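In what follows, a structure is listed as structure tokens, so that the remarks can point back to it.
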Amino acid sequence: MKLPISWLKDFVDLDGLSVEDIARTFTFGGLEVEEIHYAGLPMPKDAASNEFKTSGIGWDRDKIVVAEIREVKPHPNADRLTLLDLFDGTQEQVVLTGAPNIFHLKGTGKLAKPIKVAYAKEGSTIYDGHADGLVLTTLKRAKIRGVDSYSMVCSEKELGISEEHEGIILLDDDAPVGMALVDYIGDAVLEVKINPNMARNANVYGLARELAAMTGRDLRSLPDFGGLKGGAGNFAEIEIVDPQLNPRFVLGLIRDVEIKPSPYWVQRRLRLAGVRPISNIVDATNYAMLELGEPLHAFDYDVLNERAGKKQVKIITRAAQDGEKLTTLDNVERTLSSMNVLVCDEKGPLSIAGVMGGAESEVYDASKEILEAKAIEPKEGEPTMGKINMRGKSTTNVLLEGAAWNFINIRRTAKQHNLPSEASFRFSRGVHPALAEMGVRRGLQLMAEWSGGKIEAGLVDNYPLPPKESVVEISTRDVKRILGIELSAQEIASLLERLEFKCEIRETIIDTRKSKNELSNIEHRISVTAPPYRLDIGEGVVGVADLMEEVARIFGVERIPETRLADPLPPQVGNPAFEWDERVRDILVRLGLQEVVSYRMTSPEREGRLAAHNEYARIANPITPDRNVLRRSLLASALEAAEKNVRAESLELFEIGPIFEPVKNDLPRELPRLAIVLTGLRAATSWDVKDSPALDFFDLKGRIELLLAGLRFVDVTYAPTESVAYLHPGKAAEVKVNGQVVGVFGELHPLTKEKYELGARPVLAAEFNIETLRALSPAYGIVPVAEFPPVYEDIAIIVDESVAASRVEGLIRQTGGRSVSDVRLFDVYRDEKIGANKKSLAYSLTYQAADKTMTDAEAAAIRNKIVKRLEHEVSAKLRS
Amino acid sequence: MDQLNDIEKAALDALASVVTEEALQAWKTAQLGRSSPLMQVFAGLGKLSKEERPAVGSAANRVKVAIEAALAARETEIKAAALAKSLEEDALDVTLPGRTVNVGRLHPSTQQLRRVLDILKEMGFQVYTSREVETDEMNFQMLNFPLHHPARDMQDSFYVESEGRGDNPILMRTHTSPGQIRAMREYAATNPQNPPPIRIALPGMCFRYEQITSRSEMQFNQVEGLAVGEGITFADLKGTLSDFARRMFGQNARTRFRADHFPFTEPSAEMDVECFVCGGKGCSVCKRSGWLEILGCGMVHPVVLQNGGYDPKRYSGFAWGMGPERQLMLRYKIDDIRYFWGNDVRFLEQF
């Protein structure tokens, strides 16, 4: 909502409040000012440190003034330019201009009625009207086509009022010549964010009411509608088919209007508020809407009469039929559905209720039509371009609609037809039906003022469904309990009364309940009735909360003290699952891995490179086609992350997060996973490292071993696996903890790797189910550190290639039992002497006794047992 | 006697040209060895007369001491010279880069989540996590966003395809708040008549239907806090969050509260923290205002309490929500939110 300060001033005395004070008050009261646009009023001195976003310019009091044009003379050397005889209040000036909107007065001699304009003297700073966007410029003396030019008559764009640069500003006739322009029409516009709970304030009067309440000032009442009141009118009938959709419909009539431009001050205010002026009648509907919040719609009464065949005009509101059509005033034929509500007459639809009027019955300005028709000169043979409602005669009688609509309906309709408008913005957030009548009366009053029309006595008002009056009971205890402040019933009532709530302090109750948070056992109850412009005050406990918000806002959220929680601390139980994942992260980071976090959304094509899935939880409204499903593989995410860093010399990445397993028409299963990707060089290339080997299977395995050891798992086994299609069948292992499979890892299959841009080096990948890991119990306790000297010995054995190293080590450990405290494989060797299909495995063994020094003889005995066992089980031969 | 003087002179003269350890050893053998002239003098002492013996003996001793002292001095010199030489030879170019080890790092969002959660844990707020894909009911309806309510405009959602669910479609959660309902229900189930107090922190990934640009993302982390109990007030909310801000942004961090609106809290507010980059003087980070919008907060709406199994007439509470990525962007002057899920290690390495 764009709020011109000048308009606000109509309703609240702003003396002593700067523009920034006002903006700050709104902002703290829940009506955030997102930007201040200065259109004349002085900008704060140090704009750079202003607390608000600002734009626009302040006008120099001495240099930019109201002036009058006394004669428009031709320029001696330029047909399109004119020279103005202008009086600026102190002296005569000759001003050069090309403004089209006074061009027709060129050479007509002294003007009978001087034209009031905004005059910028030499040296004043304004916007360059001819530049794209807003570029400041300072007026300097120059010769234009042989004539001295040093000052300007200004357009709205040049003064920062609007984008308008079609012609100069033509001020109203009563503008005082010589007055500083800032004093006459200097303004600032607050861009106020209207949250859903503030829908009632999407209008000047609503914001004025809030400001008055928060600053403790008086709210001026609306201009007196004077003789407009009166009984029921008889110029139309109204039939409401469904009061749920249309709780109220009000019509007023004004006759003999003359359609013409609105006064300049009206146009200026509308433009500042972001609405384009059209004509006095349309402007009156918009002005009343911006002022009061009730969107109005004006019909050409004669068109309706004609459609009614000279019978009584009858307005019918109803839901549209599916497929029904209406051409709206933007000349688009729209196909309607049953959720749309229509305003019709007996002949058919006239407008889409609350969203947009129809073309046929709109208020018609013939003069504008002629101008437009002239602007588009038809080529010979082509039909004249024209609107379908080219009626030839301007509207003279206006039927004015003010209504209340079901906000859900309007919201859905505006969305469906993609018609966001000032009207639908308000109606889709709820407008109180009481405003329908007020709006129509205000609209008629403005039309009469600006068009010379005569208001027909009475209104036609059909009001089948008045909203329930909202009455909520609150107590001083509620305020203490929810806000933590102690206010008396009178104080609470006076805060709420500033927003026009009616408060009745009902009684004093001795509350016998004892609670630690009550300082007093007396509570005063206040019965609060919501004012007739609000639909947002609920019932019961909701109503209480709604009123607490109002008390807090008007009291001032900033004034509420800060206290510490006195309520008991709940039992502290932690979150073991969350902490477990954090521990996994910590260990991996310690091992040198970098954590990545990817999008949960991916596409089957992306993931298909790794492993194809048929079933996915699919996004119904993806933002891009390559993020249209929820991921099923975390490893695919991690590989994509690696791919993005393909230029890195070495990558060690991991990600922890959920994958999503679809469940038909229900919530997908969210399964936590860990993925690891390693690729690149084992050591960074540097001045003394030239040819580091590439990371391989065992680099990954080592990290996995350390991860599982860090998690204190002892029973960890690795077995080859060929069941993972994306892994190299000979370089893939599954990991079991306590006998249960927890993950797989290995080198990426060459065919899989081909599908990624991951360079030439091997890519190692692992995928773990950390939920399974979490559920397994780790071992605790340490192994005592041996006190007595051990015996160290190396043995090398020759076995067939097919014998797994883990099997040999297992046999050594099993046979050696507690006496062998450490087994370390230090060499794997193959050559011709050993024989084809054979390998030599060399182990360092540590023989250790817990209670004494191990002797060489004892160690030899154990070794002999081990060698025998190996010879027997895996046909090993001791290498000499 | 003259002979002794000659021996001394010859020895010391010879020593002058000795510069290596080996030569020194040879010189030592030559001058002090068994067959050296000096030792020959000692060996010949017995043949001298009683009268001559003491004088020659003492003179020979003096020469021996002198030669030994010269030897020791030269030995020290030669060692020092050798050491100096070897030190010089071993000198490195200390400006060459050092050898590094591979350092692992947490994703910056994880780091920031931890900072936030560590503080909250100390304040008694325990971590509560819940699912990322939710029903409309849990994500909106239970949180006082009725169907078709204008408040829903503020949170455009991603929907997950499903059929026959009517007004309860499946969607990606737009905030961690559905966890509030889940947590309250879990707690309330333990004692439905007298539900226990709650203090939890709800971290996690959230999703909004937004184009990915430098300023907006389709997924982001959120941390919410929730306190429910008997007698929790808006004043407590202000105090607790100001405490949090001091822990998070510095001991002197000033806060201010502005009324705001969220469907699931009422009254609601926005908390600003004095800009920690410029100390409130105004800078590009705070857009010259001196304040940073850090979190939204408010008293838990009675409808939400009710939906969680807590009687709003008896219980009250507050909740707040904030964005770790936003906090990081402010703190580290990150001007493009796309860095976070871009997974470029050149970005990630900087944290």
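The values are calculated or read from the model by the stated rules, or taken from the named source; none is laboratory data. If you're wondering where the values come from, they're calculated on a predicted model, not measured in any experiment. Positions of Cβ are backbone-derived with ideal geometry, glycine not excepted, and every protein chain shown enters the neighbour counts.
Looking at the stretch A:761-795 only, could you name the residues that are outside any strand (DSSP E or B), farther than 23 Å from A:Phe660 by Cα and of a type in the set (A, V, I, L, M, F, W, C)?
Across the stretch A:761-795, the qualifying residues are A:Ala779, A:Ile782, A:Val783, A:Val785, A:Ala786, A:Phe788.
Just give me the residues in the stretch A:124-145 being part of a loop (DSSP other than H, G, I, E, B), over 37 Å from the mean Cα position of the chain (by Cα) and free of Cβ contacts under 8 Å to residues at least 60 places away in the same chain, in sequence order.
In the first step, residues of the stretch A:124-145 are kept if they are part of a loop (DSSP other than H, G, I, E, B); the result is A:124, A:128-135, A:139-141, A:145.
Now narrow it down to the ones that are over 37 Å from the mean Cα position of the chain (by Cα): A:124, A:139-141, A:145.
Result: A:Leu139, A:Lys140, A:Arg141.
Could you tell me whether the stretch A:360-371 includes any residue that is of a type outside the set (D, E, K, R), within 30 Å of A:Pro466 (Cα to Cα) and modelled with pLDDT of 90 or more?
Checked against the condition, which is being of a type outside the set (D, E, K, R), within 30 Å of A:Pro466 (Cα to Cα) and modelled with pLDDT of 90 or more, the stretch A:360-371 yields no hits at all.
So, restricting to strands (runs of 3 or more DSSP E) that lie completely within the stretch A:276-371, which ones have at least 1 residues that are crowded, with 23+ Cβ neighbours inside 10 Å?
Counting at least 1 such residues, we get A:296-300, A:313-319, A:325-327, A:341-345, A:348-352.
If you take the residues in the stretch B:315-351 that are of a type in the set (Asp, Glu) and in contact with a helix residue (DSSP H, G or I) (Cβ under 7 Å, 6 or more places away or on another chain), which one is farthest from the other protein chains (Cβ to nearest Cβ)?
B:Glu325
I need a count of the residues in the stretch B:296-310 that are surrounded by fewer than 24 Cβ atoms within 10 Å (Cβ to Cβ) and more than 9 Å from chain A (Cβ to nearest Cβ).
Residues meeting the conditions: 3.
So which residues in the stretch B:259-274 are within 28 Å of the chain's Cα centre (by Cα) and either surrounded by 23 or more Cβ atoms within 10 Å (Cβ to Cβ) or not assigned by TED's automatic domain parsing to the domain that holds B:Thr176 (or both), if there are any at all?
Those that are within 28 Å of the chain's Cα centre (by Cα) and either surrounded by 23 or more Cβ atoms within 10 Å (Cβ to Cβ) or not assigned by TED's automatic domain parsing to the domain that holds B:Thr176 (or both): B:Met271, B:Val273.
Suppose the filter is assigned to a strand (DSSP E or B) and either outside the structural domain of A:Gly178 (by TED's automatic domain parsing) or more than 21 Å from A:Met179 (Cα to Cα) (or both); does A:Asp148 pass it?
It is true that A:Asp148 is assigned to a strand (DSSP E or B) and either outside the structural domain of A:Gly178 (by TED's automatic domain parsing) or more than 21 Å from A:Met179 (Cα to Cα) (or both).
What's the number of the condition A:Glu550 fails, among (1) at the interface with chain B (Cβ under 8 Å from one of its Cβ atoms); (2) buried (at least 20 other Cβ atoms within 10 Å of the Cβ); (3) part of a helix (DSSP H, G or I)?
(1)
Working only within the stretch A:708-760, note down all residues that are more than 28 Å from A:Arg609 (Cα to Cα), of a type in the set (A, V, I, L, M, F, W, C) and part of a helix (DSSP H, G or I).
Across the stretch A:708-760, the qualifying residues are A:Leu708, A:Ala709.
Could you tell me whether the stretch A:156-163 includes any residue that is surrounded by 14 or more Cβ atoms within 10 Å (Cβ to Cβ) and at positive phi?
First pass over the stretch A:156-163, keeping only residues surrounded by 14 or more Cβ atoms within 10 Å (Cβ to Cβ): A:156-162.
Retained after the next criterion (residues that are at positive phi): A:160.
Yes, the stretch A:156-163 has at least one match.
Which residues, taken from the stretch A:585-632, are acidic (Asp, Glu) and assigned to a helix (DSSP H, G or I)?
Matches in the stretch A:585-632: A:Asp586, A:Glu605, A:Glu607.
Output the number of residues of the stretch B:148-168 satisfying the condition of being of a type outside the set (S, T, N, Q), assigned to a loop (DSSP other than H, G, I, E, B), more than 40 Å from the chain's Cα centre (by Cα) and within 8 Å of chain A (Cβ to nearest Cβ).
Of the residues in that region, 6 qualify.
I need every pair where a residue in the stretch A:685-708 that is under 16 Å from A:Arg761 (Cβ atoms) has its Cβ under 7 Å from the Cβ of a residue that is exposed (fewer than 13 other Cβ atoms within 10 Å of the Cβ) and among the polar types (S, T, N, Q), sequence separation at least 6 or different chains.
Close Cβ pairs satisfying both conditions: A:Ser692/A:Thr685.
Mind listing just one residue for me: the one in the stretch A:657-675 that is touching an Asp or Glu at 6+ places or on another chain (Cβ under 7 Å) and more than 9 Å from chain B (Cβ to nearest Cβ) and, of those, surrounded by the most Cβ atoms within 10 Å (Cβ to Cβ)?
So, considering only residues that are touching an Asp or Glu at 6+ places or on another chain (Cβ under 7 Å) and more than 9 Å from chain B (Cβ to nearest Cβ), the one surrounded by the most Cβ atoms within 10 Å (Cβ to Cβ) is A:Ala675.
State all residues of the stretch A:639-667 that are closer than 12 Å to A:Glu607 by Cβ and in a helix (DSSP H, G or I); if no residue qualifies, say none.
A:Leu639, A:Glu640
Restricting attention to the stretch A:676-708, and to residues there that are closer than 20 Å to A:Ile587 by Cβ, under 44 Å from the mean Cα position of the chain (by Cα) and within 12 Å of chain B (Cβ to nearest Cβ), which single residue is surrounded by the fewest Cβ atoms within 10 Å (Cβ to Cβ)?
A:Arg703
Considering only residues that are facing chain B (nearest Cβ under 7 Å) and among the basic types (Lys, Arg), which ones fall in the stretch A:564-613?
If the condition is that a residue be facing chain B (nearest Cβ under 7 Å) and among the basic types (Lys, Arg), then A:Arg564, A:Arg585, A:Arg590, A:Arg600 are the ones that fit.
If I ask for residues that are assigned to a loop (DSSP other than H, G, I, E, B) and surrounded by 23 or more Cβ atoms within 10 Å (Cβ to Cβ), which ones from the stretch B:126-143 would you list?
Across the stretch B:126-143, the qualifying residues are B:Tyr128, B:Phe140.
Determine whether A:Val808 is modelled with pLDDT of 90 or more, among the hydrophobic types (A, V, I, L, M, F, W, C) and in the same structural domain as A:Val737 (by TED's automatic domain parsing).
Considered against the rule, which asks whether it is modelled with pLDDT of 90 or more, among the hydrophobic types (A, V, I, L, M, F, W, C) and in the same structural domain as A:Val737 (by TED's automatic domain parsing), A:Val808 comes out as no.
State which residue is surrounded by the most Cβ atoms within 10 Å (Cβ to Cβ) when the search covers only the stretch A:553-563 and only residues that are in a loop (DSSP other than H, G, I, E, B) and at the interface with chain B (Cβ under 7 Å from one of its Cβ atoms).
A:Ile560
Residues are listed down the side, and each one gets a yes or a no for (1) more than 14 Å from chain A (Cβ to nearest Cβ); (2) part of a helix (DSSP H, G or I); (3) surrounded by 18 or more Cβ atoms within 10 Å (Cβ to Cβ):
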{"position": "B:Leu71", "(1), (2), (3)": "yes, yes, yes"}
{"position": "B:Arg74", "(1), (2), (3)": "yes, yes, yes"}
{"position": "B:Glu77", "(1), (2), (3)": "yes, yes, no"}
{"position": "B:Ala82", "(1), (2), (3)": "yes, yes, no"}
{"position": "B:Asp93", "(1), (2), (3)": "no, no, no"}
{"position": "B:Leu96", "(1), (2), (3)": "no, no, no"}
{"position": "B:Val101", "(1), (2), (3)": "no, no, no"}
{"position": "B:Gln112", "(1), (2), (3)": "no, yes, yes"}
{"position": "B:Gly124", "(1), (2), (3)": "no, no, no"}
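Quick check on my filter: what residues within the stretch B:229-282 are in a strand (DSSP E or B), under 25 Å from B:Ile334 (Cα atoms) and facing chain A (nearest Cβ under 9 Å)?
If the condition is that a residue be in a strand (DSSP E or B), under 25 Å from B:Ile334 (Cα atoms) and facing chain A (nearest Cβ under 9 Å), then B:Thr255, B:Arg256, B:Glu270 are the ones that fit.
Which condition from (1) hydroxyl-bearing (Ser, Thr, Tyr); (2) within 14 Å of chain B (Cβ to nearest Cβ); (3) in a loop (DSSP other than H, G, I, E, B) is the one that A:Thr90 breaks?
Failing condition for A:Thr90: (2).
Against the conditions (1) in a helix (DSSP H, G or I); (2) facing another protein chain (nearest Cβ under 7 Å); (3) loosely packed, with under 13 Cβ neighbours inside 10 Å, where does A:Val542 fall short? Just the number, please.
The single condition A:Val542 does not satisfy is (3).
When only residues in the stretch A:267-298 that are small (Gly, Ala, Ser) and touching a Gly at 6+ places or on another chain (Cβ under 7 Å) count, which is farthest from A:Ser424 (Cα to Cα)?
Applying the filter and picking the extreme gives A:Ala284.
Please count how many residues of the stretch A:797-823 are free of Cβ contacts under 8 Å to residues at least 40 places away in the same chain and touching an Asp or Glu at 6+ places or on another chain (Cβ under 9 Å).
Total meeting the criteria: 1.
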